[in-house]
Amino acid sequence: RHPKGGSFIRPNKANFGVDFLTAVKDRYGLNDNQDVQCGTGNTVVFGTKTVEFVGMDSVAEQQRQVQLNKLVNISVRECAVSHAGQEEEISRTCANMRHINLSKNLISSWETVVAIASQVQNLETLNVSENKMKFPSTSTFTSSAFSNLKILALNQTEITWTEVLLCAQGWPVLEELYLSSNNITVLERPDNVLQTLKLLDLSDNQLLDGNQLHLIAQLPRLEQLILRNTGISSIHFPDAGFGCKTKMFPSLKRLAINDNKISQWSSINELDKLPSLRALQCNNNPFVDTEKNPETLKQLIIAKISQLEVLNNCEILPAERRGAELDYRKIFGKDWLEAGGHWNPEKNKPSEEFLAAHPRYPALCLKYGAPEEGELKGQQPLTLKNQLLTLTIKCPEKPEQKPVEKKLPESMTIQKVKGLLYRLFKIPGSDLKLSYKSSKLEGKEVELDNDLKPLQFYSIESGDCVLVRW
């Protein structure tokens, strides 16, 4: 890397590499030193007689050609490939190749990659990661070698973003681009290139500044953006206000921002502005440490991002979303009132500071109604007594069974509740089906369908009625 840096090595100790086709034949056991069926030589022994086959070499060569022509997926990872070989030799020998893994070889320039790819007519997937290459520095370098390429991996190649944009002129239909671990620190607008891109992986690059993302925010078809371990500490979409959607990243469905330095919840609020966001990974960020209870942390994120369907690879069920939003509305109800919120819509004027911290709160009030005064009492000390829920237990299909009132910890799982009911009704827990009704959700019955979840997961409160069927 240093302009005057280098090492001395004995020539006979150095590996100067092989051409692509030699590496393919070695990897798949089809090189010139190996006979396809009969081992080495042109003779075969039958009992005590030795039979010589005239023209055996040409037959074996034809068989090699046939087998190489059948290969669609080729991997020559770590096979010391350093050059393309003779012109047109690859196209004659491996005509059906579509997916090539050239990672961790001795390729030193992008021109070598082009020389190989230009001989593969229908190349769709190419991995040249872990090759330290020189890339073109001007836009005059053009080729039709990648006219069908859809997936390209350039991890650990020391490519810069400027070089990516120059090379991208030759990737007209590219859909997935992997650029992990390249020391990319600065982005530029991809004008007239990468317009077909659906996935972009920039993980393990030090972007640091979240505003860098604005430069790639207009990619029209980008559905998945991977920003793991990029050092970003904040995310902001300045073109949209509270409760509005941004015009940036119009198609983005999946976002990975785990292992970063995001410390403020305001960045999570901003993600609600993304119109198409459905899946988020955000583990290992400082804001996660502000909430000790992982279940509460999950509920806060769900409540803040309205359209999220998957969080940290876990599906968000409708009942889980409803419970998270109801709890959020209740937890911050007192702050809402103190900030100028009111049950009367004409008097409801929460402050800008409150809306900045809780931009979804007005929408939750419209969805579920403003929180009632009884819900907004100050948090009581966390003692076992205050965690007990007083519940009425009924068997709607067994009228002869009188309702029973029980006090249960809100942390009690549905599975343990079924165990309690087994002792009460002498019915096996596996046969029990539980649901509950709340006065706040008149006419609705919510199924308690996950045995591993606690009662508080379903936002059950004292006074609610648990229905038991079997």
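The values are calculated or read from the model by the stated rules, or taken from the named source; none is laboratory data. Nothing here was measured: the structure is a model prediction, and the numbers come from that model. Using ideal geometry, Cβ is built from the backbone for each residue, glycine included, and neighbour counts are taken over all protein chains shown. Side chains included, ligands, DNA and RNA excluded: accessible areas come from the protein's heavy atoms. Shrake-Rupley method; radii C 1.70, N 1.55, O 1.52, S 1.80 Å.
Whenever you get a sec, compute what percent of the accessible area on the chain sits on carbon and sulfur atoms (1.4 Å probe). Show your work: numbers first, answer last.
Details: 12450 of 25460 Å².
Roughly 49 percent, rounded to a whole number.
Give the shape of region 388-469 as rounded, prolate or oblate, defined through the alpha-carbon gyration tensor: a ≥ b ≥ c are the square roots of its eigenvalues, a/c under 1.5 means rounded, and otherwise the shape is prolate if a/b is larger than b/c and oblate if not.
rounded
If you work out semi-axes √(5λ) of the Cα gyration tensor in Å from the coordinates, which of [x] 61, 32, 18; [y] 34, 26, 21; [z] 59, 24, 16 do you get?
[x]
Restricting to Cα pairs below 8 Å that are 6+ residues apart, what does the relative contact order work out to for region 388-469? Please round to a whole percent.
Relative CO of region 388-469 lands at 42 percent.
When ligands, DNA and RNA are left out and all protein chains stay put, how many square angstrom of accessible area per residue does the chain have with a 1.4 Å probe?
Result: 54 Å² per residue.
Among residues other than Leu420 whose Cβ falls under 14 Å from its Cβ, what is the net charge (Lys/Arg +1, Asp/Glu -1)?
+4
With the Cα gyration tensor of region 82-230 giving a ≥ b ≥ c as the square roots of its eigenvalues, does the rule (a/c under 1.5 for rounded; else a/b larger than b/c for prolate; else oblate) give rounded, prolate or oblate?
It comes out prolate by the Cα gyration axes.
Leaving out ligands, DNA and RNA but keeping every protein chain, what accessible area does Lys416 have, in Å² rounded to the nearest 10, with a 1.4 Å probe?
About 130 Å², rounded to the nearest 10.
7 Å from Cα along Cα→Cβ at both Asp191 and Ala14: what's the point-to-point distance in nm?
Distance between label points: 4.2 nm.
On a C-alpha basis, how far is the centre of region 325-362 from the centre of region 120-174 in Å? Whole number, if you could?
51
Please work out how many pairs of lysine residues in region 87-212 are eight or more positions apart (or on different chains) and have Cα atoms closer than 22 angstrom.
Count of close lysine pairs: 4.
So, in Å, what gap is there between the alpha-carbon centers of region 266-294 and region 404-464?
30
Give the Rg/Rh ratio for region 320-375, taking Rg as the radius of gyration of the Cα atoms and Rh as the Kirkwood radius, to two decimals.
Rg/Rh for region 320-375 comes to 0.93.
Take the cross-link list Lys247/Lys437; Lys334/Lys407; Lys298/Lys407 and give me the ones stretching past 30 Å between alpha-carbons.
Exceeds cut-off: Lys247/Lys437.
Excluding Gln456 itself, calculate the net charge of residues whose Cβ lies under 11 Å from the Cβ of Gln456, where each Lys or Arg counts +1 and each Asp or Glu counts -1. Mind dumping the intermediate values first?
Details: positive: Lys453; negative: Glu295, Asp327, Glu410, Glu461.
Spelling it out: positives minus negatives among the neighbours equals -3.
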